[in-house]
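Working notes, structure below.
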Amino acid sequence: MEPIRLDDSGAAGFVSPQKLFSLEDRVEMAHRALHGKTGPGNEYLEWLDWPETMDPQEMARLTAVARHLRESSDALVVIGIGGSYLGARAGAEMLLSPFWNELSGKVRRGPRLYWAGHHMDSRYISALLKQLDGQDVSVVVISKSGTTIEPGLAFRFIHKYMMERYGREKAARRIVAVTDAKKGLLRDLALAEGFERFSIPAGTGGRYSVLTPVGLLPLAIVGVDVQKVLEGARWARKWYGTMGYTRNDTWRYAAIRHLLYRQGIKLEALIHYDPSLRGLGAWFQQLFAESEGKGGKGLFPVSLQYTTDLHSMGQYLQEGERHIMETAVLFDEDRSPLVIPATEPDRDRLNYIAGRTLEEVNQKAAQGTREAHIKGGVPYLAIHVPQATAEYFGALTYFLMKTCALSSYLLGVNPFDQPGVEAYKTHMFRLLNRPES
Ligand code: PA5
């Protein structure tokens, strides 16, 4: 595979080579702590070798279950929140047609895809249940802890619906739970009802679980070749397991964002020019926010879709407070060459670009934005992904998880806990008078 490359030339005017090179020893220490499992949160490092260590028999079971559900369903509901859904969503958006759910069954080659349990809006659940009527439905419910309220409540409604439609036993054959192997309420429920189960590895936290059944099962059901996803991740594990800035771009990415943070940058905007990367942006936000945002530290990660957001956020990016860096994710390959037609007469005055591809214009927008923003004082990085394929989805998510873990160690925080997330829950449960368990 061609490597995913970090182009850091747009940060050159903001980070001196001396500073960058003087940080290399500390990045090496972070790398050694990660691989030697001596850093904070080291009980949650199973994801690091997972692309190699995932049991092939479990993978074969996963693809068989996925095939069965794909063939027997028009609709798949994936229930989960945070790390228990964003990875699958990122993969589905990157790899499927933007109009997947609208495609006819023959073209789609997999069930329509619906998400639930990622919030508690009742209108959404009511509309979803109506939408499922008349379709053959399968459900994947994902929660590592098995106690998270949002997916727990969504599953209550959807399980009830499934039992009313199919009867308890038949419904159970259409439901798969992905949860902890040994404990948790979802595991107990799945055992009691006889659902098929897949395990989230104990040593992998939610936001590092995209390459486990958490991400792979929903993707396999909608027809993504998940063997290829894992192949790409295996390649990335090897390539980004090497030492030094020269070859390992996760080192350089982690180091540059760290130096910029120390120089007063407070926000990292992950930008892209392709709506199929919206899901990846949301996954990136949770990965970096939950990993780094603690102890009063951390870059605030946001995700922006250009050129859409250039017509809203673009003003701030260009001239607002200078505390932002941008990291672009760019596909090198044009996925769908569309040549701009000439028209006569040229009423919209666009004939000057007729004959060129739409992708070329999008690229010029990216280059123009890069130039303008750097001039405006925004350090700019670009992650070049050769192709938008299943392999590169695996490689890209691995690349970002590795960068995030290194970057968190540079910052001196534990990337694998999220103590702050509990605060809102404590208040909410008090307001709901939840009994002590
Ligand atoms: O990264 C994390 O740990 C979180 O985003 C979790 O994935 C999220 O809170 C969902 O947790 P659970 O899978 O236990 O329902």
**Study point:** Antiparallel bridge percentage (DSSP; both residues within the chain; nearest 5)
**Key:** 10
Check your understanding: Could you list, bin by bin from short to long, the percent of Cα-Cα pairs of the stretch 1-97 in 5 Å steps?
Key -> 2, 8, 8, 14, 16, 15, 14, 9, 6, 5, 2, 0
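Please order Arg187, Arg335 by the number of other Cβ within 10 Å, starting at the fewest.
On the way: Arg187 19, Arg335 12.
Ordered by Cβ neighbours within 10 Å, fewest first: Arg335, Arg187.
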Review point. Which shape class, rounded, prolate or oblate, goes with the stretch 62-103 when its Cα gyration tensor gives a ≥ b ≥ c as root eigenvalues, a/c under 1.5 marks rounded, and past that a/b bigger than b/c marks prolate?
Key: oblate
Check your understanding: According to a simple spin-label model (label point 7 Å from Cα along Cα-to-Cβ), what is the distance in nm between Thr307 and Gln363?
Key -> 1.6
Practice item. State whether the stretch 181-243 is rounded, prolate or oblate according to the following rule on the C-alpha gyration tensor (a ≥ b ≥ c being the square roots of its eigenvalues): a/c under 1.5 gives rounded; otherwise a/b larger than b/c gives prolate, and the remaining case gives oblate. Key: oblate
Practice item. Please identify, among Val77, Val385, Val107, the residue showing maximal mean-square fluctuation in a Gaussian network model of the chain using a 10 angstrom Cα cutoff. Key: Val107
Review point. Efficiency by 1/(1 + (r/R0)^6): what FRET value for Glu164 and Phe300, r their Cβ-Cβ distance, R0 = 51 Å, to the nearest 0.05?
Key: 0.70
Point to revise | Largest-first principal axis extents of the Cα set of the stretch 251-376 (Å) | key: 62, 29, 24
Practice item. Find how much the distance from Leu350 to Ala192 grows on full extension, using 0.36 nm per residue of separation minus their present alpha carbon separation; answer in nm with one decimal. Key: 50.5 nm
Point to revise | Theoretical gain in end-to-end length, Gln387 to Arg262 [0.36 nm per residue, Cα-Cα removed] | key: 41.7 nm
Check your understanding: Based on DSSP H assignment, which helices of the chain show an axial Cα extent of at least 18 Å together with a mean Kyte-Doolittle hydropathy greater than or equal to 0.0?
Key -> 390-411
Check your understanding: Ranked by Cβ crowding within 10 angstrom, fewest neighbours first, how are Arg173, Arg322 ordered?
Key -> Arg322, Arg173
Practice item. First select every other residue whose beta carbon is under 12 angstrom from the beta carbon of Ser209; then total the charges, Lys and Arg +1, Asp and Glu -1. Key: 0
Point to revise | Solvent-free Debye scattering, log10 I(q)/I(0), computed from the Cα coordinates of the chain at q = 0.13 Å⁻¹ | key: -1.21
Check your understanding: At a Förster distance of 30 Å, what's the computed FRET efficiency of Tyr424 paired with Lys106, Cβ-Cβ distance as r, to 0.05?
Key -> 0.10
**Study point:** Pairwise label distance in nanometres, Leu338 with Arg32, each label 7 Å out on the Cα-Cβ vector
**Key:** 5.2
Point to revise | Fewest-first sequence of Val222, Val302, Val214 by Cβ atoms within 10 Å of each Cβ | key: Val302, Val222, Val214
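Read-outs: derived from the displayed coordinates by stated rules, not from any lab. It should be emphasised that the depicted structure is a prediction, and the values quoted were computed from it without experimental measurement. Backbone-built Cβ (ideal geometry, glycine too); neighbour counts: all protein chains shown.
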